[in-house]
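Just so you know, all these numbers are worked out from the coordinates, no wet-lab data involved. This structure is a prediction, so every number in the text was calculated from the model and none was measured. Note: ideal-geometry Cβ built from the backbone for every residue, glycine included; neighbour counts use all protein chains shown.
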Amino acid sequence: MEEGLIVRRFSGSDSYEQLTGLLHRAYARLGERGWNATASYQSVEVTRERAEEGACFVAEIEGTVVGTATVVTAGSHPGPDLYAQPHVAMLGQFGIEPSHRGQGVGRALMKACEDEAMRQGRSHIACDTVAANEELVAYYRANGFQPVGHHQWPGKTYLSVVLLKPLDGSGE
């Protein structure tokens with residue numbers, strides 16, 4: 001884990017412009033491979049809308065934001081049917097500054113989202129990513145997620161794999 005890493009809720013003093021830039025950088029590799037993931041090009045307004053759907057967390061080191069993730073527990077997020085289940089939270093806008101990958105930032109953000117989902121009474125957390133991106137799918141699997149299906153988002157150039165993780169540690 002990176003020294004000095006702090007994970008906290010996104011606040012009114014934070015910048016949606018900076019958060020959008022971070023997401024663009026974090027998702028640039030997907031765009032370079034021809035996968036038009038929304039976070040690789042979304043506007044500041046889309047970043048704001050997606051962050052306000054749930055609890056948006058940021059990871060920072062020495063005052064610089066190096067990662068973000070949002071957990072949605074409202075059960076109204078569009079997409080796979082799984083996202084509407086009352087026991088499932090949805091993890092989204094999960095991105096790490098490329099220079100800080102592999103240093104525990106993602107795990108710390110994921111834990112904050114999982115803790116929030118449990119606080120909100122959810123027993124599972126779900127997400128989706130580019131099915132053909134073996135490295136990212138392996139990352140989620142290594143963090144306790146299991147593939148449970150696929151979803152084709154409108155207008156996307158790729159098929160998404162939907163992943164689910166139990167939050168009680170049972171593996172069910």
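Quick notes
- In the range 1-17, the residues that are touching a residue at least 24 places away in the same chain (Cβ under 8 Å) and under 22 Å from residue 104 (Cα atoms) form Cβ pairs under 9 Å with partners that are assigned to a helix (DSSP H, G or I) and of a type in the set (Ser, Thr, Tyr), at six or more places apart or across chains, as follows: 10/16.
- Hits in the range 14-33 - residues which are under 17 Å from residue 99 (Cβ atoms), polar (S, T, N, Q) and buried (at least 16 other Cβ atoms within 10 Å of the Cβ): none
- Some residue of the range 56-78 being surrounded by 15 or more Cβ atoms within 10 Å (Cβ to Cβ), assigned to a helix (DSSP H, G or I), in contact with a helix residue (DSSP H, G or I) (Cβ under 7 Å, 6 or more places away or on another chain) and β-branched (Val, Ile, Thr): no
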